[in-house]
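Below is one structure, written out as structure tokens, with a few remarks after it.
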Amino acid sequence: MLNILRRIVQEINASAHFNDALQILVKRVREAMATEATSIFLIDKLHKEYVLLATDGLNPAAVGKTHIKMGEGLVGLVGLRGEPINIDNAPAHPNFLAAPEVGEERYKAFLGVPIIYNRRLLGILVVQQQKKRRFDEAEEAFLVTMSAQLGGVIAHAEATGTISQLLNASVVQNPTKKDIVFPALPGAPGICIGTVVVVYPLADLDAIPHRKTKNIAAECKTFSKALRAARADIRKLKKRLAHLPEEERALFDAYLLILDSEHLENEVLTVIQSGLWAPTALRKVIHQHVQQFLEMDDDYLRERATDMRDLGRRILMHLQSAEHAHPSYPENTILVGEEVTASNLAEVPKGHLVGVVTKQGSSNSHVAIIARAMGIPIVIAVESLPISELEGHEIIVDALEGYIYVAPSAKLRNNYNKLITQQRAFTANLEQFRHLPAETLDGQNISLWVNTGLTSDATLALTAGAEGIGLYRTEIPFMDRDRFPAEEEQYLIYRQLLSAFAPRPVIMRTLDIGGDKNLTYFPVVEDNPFLGWRGIRITLDHPEIFLVQIRAMLRANIGLDNLQIMLPMISSLQEADDALRFIQQAFAELRAENLPVTMPPVGVMIEVPSAIYQAPALAHYVDFLSVGSNDLTQYLLAVDRNNARVANLYDALHPAVLHALVQIVEAAHNAGKRVSICGEMASDPIAVPLLLAMGFDALSMNATALPQIKWVIRHCHLQQAKELLGEVLLMQNTAAIRQRMQQALVDLGLGELVRRK
Ligand code: PEP
Ligand code: MG
């Protein structure tokens, strides 16, 4: 059964059109279950009804014409209950709807299973049989498993099919066309309009975007060259494996047969002639062949689909190594990709990037944090976005409400242009707060610091009215290179930052790689990277890296004395102790070299649950605590901060997080130490009154958010904020807490910020 399931899903995935996918589905399920009719009804959201979209067994003429109101008939009942319904005699059931044109009367046995994706009902999958009987448990389990796998496939195929049709019709020719909209999760706030550049992993055929070319001759030449190179590769591989028996090497013969036949080459060249980029043409042709193989009944031949894909990947690798893959970036570039990384952002020329859409990640991934620091909106796309189809198209990213609009109508574009203007005016209006203190209406001051890590944003942070740097993420300079930066290189970077801010304090965090921050030259591959070798765990295991970094920091601080060192991912006192020992060692070495270094304050981040309980002990041991609320939320709630599927569960306003924060502040203050918060929570206007009331000494946030947070603080009364905190700490429901805080902002006259969340 597992094999059959896998095959059906593979075939559906490989089909070019949504309709084909549905057709394959009903046919294959009917065959696999040896039943007499299989049908699929999908929901038409607009008309709130089910539509029969494919059938193998019912009257084919009824496809597209049979509509069932939600809740009506047996199909409606399955949807209503959200669980399988298995009946031996359907026509006798009170919910049975007689519809002679569909041809259902002759079928007695009925099994209907809902197709659900991300809690959303997409449709119903039905199998029927003439004989009066209940489908057995194994059959029911098969259909439920099939339907569970189908949810994602249908959501994707549906969107891909729809979009390709709609994109082909130009907006001008079709002015009444509805705007194509995809829901998305806001990652970094803002709105933008721009042109899509798809970023994709190399050597992944499926990820190749639909890109056109004007230089057909050059594309043909590049492709033929890549093909020749792939051919030479295979010959070499075959020779290298000459010691293996002939049958083991047969695969290479098969590859060569395909490559030598000129058939494949001609096919791809023909597609390029139609105006397509060589990798896109290759993807199309390989997919067609894969599809043909998958449709074959013979197991052996079906397996050849895998070989065809492998061959395609090999040719693609050569195409990409011809440095053919570098896109040019239009002025209003919106990067769209399965996984857009921090380095993808860095590749776009200055001033050209206006937005980001990524499928993997969440508002707490590092790419979102960096985008926020750059003031660039980012959304996390839900799975159905057909990325490869979007290349070169204009889209609107609304990272306030969480929408992506593809090929927007002129009317929609105008509306959004107005919103963008309003947004700019709002930001400009906040400028007046830049030089005013962050002081509540009843005179309580709180320090506002900035998070940084991109060297170029040091000046931005300065001008935004920051009192210091609360978090300098040192890993960014490490990520920029293809090797560990030497002590001197690090010294120069740190010196520049410390001098730019002196005498204001700069808290430098020691290297915090692992999790979603990897160095290409130091790969860490693990099943659970966020629970693995990360942060201080790596640097304590590699004193040669740690000591070099500490030496560079201490040297950079000579004569300035505004450095503070912070240790990430501390989960025990022992780790803090080990790290302090290395810091003292570096200090002693530099003193022995006659350098006038001073010992800076050293603090730890509280971002792991164990550290909450160790906070009193840690606070006695170090000079300050700083809460990394991004990780603290992730680890307390057991919600991967990068996983879009569970992103709705990630919320720093969860009662557990709020109670933990209260404990941490208390622990620090009982030990007479200061405590700050440097996670994204500190730049969330909704959370700020609570953080203020908890007694944090400083909030550290991205520079872009600073004027807005100052605005919030200057509208708050500390006493009122404390009452609000008392109220919220008694609440058990995260959504209710968020709602209460939104209302509180509206009451403070800051309703504008609520809409912006
Ligand atoms: C945090 O975890 O809150 C934090 C500030 O560190 P990072 O986001 O870099 O993991
Ligand atoms: Mg962290």
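Values for this structure:
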item: Qualifying position, being crowded, with 20+ Cβ neighbours inside 10 Å, part of a helix (DSSP H, G or I) and touching a helix residue (DSSP H, G or I) at 6+ places or on another chain (Cβ under 9 Å), among 369, 396, 376; result: 369
item: Qualifying residue in segment 9-16 (condition: of a type in the set (Ser, Thr, Tyr) and either modelled with pLDDT of 90 or more or on the phi > 0 side of the Ramachandran plot (or both)); result: no
item: Flag for residue 531 being surrounded by fewer than 16 Cβ atoms within 10 Å (Cβ to Cβ), within 15 Å of ligand 2 (Cβ to nearest atom) and under 23 Å from residue 625 (Cα atoms); result: yes
item: Selection status of residue 42, over 20 Å from residue 100 (Cβ atoms) and open to solvent by 70 Å² or more (accessible area, probe 1.4 Å); result: no
item: Condition met for residue 657 (open to solvent by less than 10 Å² (accessible area, probe 1.4 Å), within 12 Å of ligand 1 (Cβ to nearest atom) and within 28 Å of the chain's Cα centre (by Cα)); result: yes
item: Residue satisfying all of: in segment 727-737; in contact with a helix residue (DSSP H, G or I) (Cβ under 8 Å, 6 or more places away or on another chain) and in a helix (DSSP H, G or I); farthest from residue 444 (Cα to Cα) among these; result: 734
item: Selection within segment 564-590 - within 16 Å of ligand 1 (Cβ to nearest atom), out of contact with any Lys or Arg (no Cβ under 7 Å at 6 or more places or on another chain) and either open to solvent by 40 Å² or more (accessible area, probe 1.4 Å) or assigned to a loop (DSSP other than H, G, I, E, B) (or both); result: 570, 571
item: Exclusive hit being in the same structural domain as residue 28 (by TED's automatic domain parsing) and under 18 Å from residue 30 (Cα atoms), set 77, 122, 143, 97; result: 143
item: Out of 485, 477, sole residue that is over 18 Å from residue 701 (Cα atoms), open to solvent by less than 30 Å² (accessible area, probe 1.4 Å) and at pLDDT below 85; result: 477
item: Single residue of segment 614-652 satisfying the filter (open to solvent by less than 10 Å² (accessible area, probe 1.4 Å) and of a type in the set (Ser, Thr, Tyr)) that is farthest from residue 699 (Cα to Cα); result: 633
item: Residue, nearest to residue 671 (Cα to Cα), within segment 616-631, restricted to residues that are among the small types (Gly, Ala, Ser) and within 14 Å of ligand 2 (Cβ to nearest atom); result: 626
item: Qualifying residue in segment 545-563 (condition: surrounded by fewer than 16 Cβ atoms within 10 Å (Cβ to Cβ) and in a helix (DSSP H, G or I)); result: no
item: Count of segment 390-416 residues which are in contact with a Lys or Arg (Cβ under 9 Å, 6 or more places away or on another chain) and among the aliphatic types (A, V, I, L, M); result: 3
item: Filter result (touching a residue at least 40 places away in the same chain (Cβ under 8 Å), more than 16 Å from ligand 2 (Cβ to nearest atom) and open to solvent by 10 Å² or more (accessible area, probe 1.4 Å)) within segment 668-683; result: 670, 671, 673, 674
item: Among the candidates 394, 401, residue that is in contact with a Pro (Cβ under 9 Å, 6 or more places away or on another chain) and either without any contact (Cβ under 8 Å) to a residue 24 or more places away in the chain or within 27 Å of residue 287 (Cα to Cα) (or both); result: 394
item: Any pair with Cβ under 7 angstrom, 6 or more apart, that starts in segment 519-532 at a residue that is farther than 18 Å from residue 478 by Cα and ends at one that is modelled with pLDDT of 90 or more and acidic (Asp, Glu); result: 530/640; 532/526
item: Condition check for residue 27: under 32 Å from the mean Cα position of the chain (by Cα), under 27 Å from residue 71 (Cα atoms) and of a type in the set (Lys, Arg); result: no
item: From the options 391, 331, residue that is acidic (Asp, Glu) and open to solvent by 50 Å² or more (accessible area, probe 1.4 Å); result: 331
item: Subset of segment 509-527 (residues that are within 16 Å of ligand 2 (Cβ to nearest atom) and open to solvent by 40 Å² or more (accessible area, probe 1.4 Å)); result: 516, 518
item: Search result, residues across segment 302-313 that are of a type in the set (D, E, K, R) and open to solvent by 60 Å² or more (accessible area, probe 1.4 Å); result: 303, 309, 313
item: Selection status of residue 731, over 20 Å from residue 628 (Cβ atoms) and touching a residue at least 60 places away in the same chain (Cβ under 8 Å); result: yes
item: Which listed residue is closer than 30 Å to residue 720 by Cβ, of a type in the set (Val, Ile, Thr) and within 31 Å of the chain's Cα centre (by Cα), from 506, 450, 525; result: 450
item: Output for segment 601-637, where each listed residue is part of a loop (DSSP other than H, G, I, E, B) and more than 15 Å from ligand 1 (Cβ to nearest atom); result: 601, 622, 623
item: Which numbered condition residue 609 fails, given (1) out of contact with any Ser or Thr (no Cβ under 6 Å at 6 or more places or on another chain); (2) open to solvent by less than 10 Å² (accessible area, probe 1.4 Å); (3) of a type outside the set (D, E, K, R); result: (2)
item: Within segment 534-544, considering residues that are within 23 Å of residue 488 (Cβ to Cβ) and more than 16 Å from ligand 1 (Cβ to nearest atom), the one most open to solvent (accessible area, probe 1.4 Å); result: 544
item: Test result for residue 672, more than 34 Å from the chain's Cα centre (by Cα), modelled with pLDDT of 95 or more and either more than 17 Å from residue 508 (Cβ to Cβ) or within 16 Å of ligand 1 (Cβ to nearest atom) (or both); result: yes
item: Residues being at pLDDT 95 or above and within 14 Å of ligand 2 (Cβ to nearest atom) - total across segment 640-656; result: 1
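The values are calculated or read from the model by the stated rules, or taken from the named source; none is laboratory data. Predicted model, so just to flag it, every value in this text is computed and none were measured. Note that we place each Cβ from the backbone using ideal geometry, even for glycine, and neighbour counts take in every protein chain shown. The accessibility values were calculated without ligands, DNA or RNA, using every heavy atom of the protein model including side chains. Shrake-Rupley method; radii C 1.70, N 1.55, O 1.52, S 1.80 Å.
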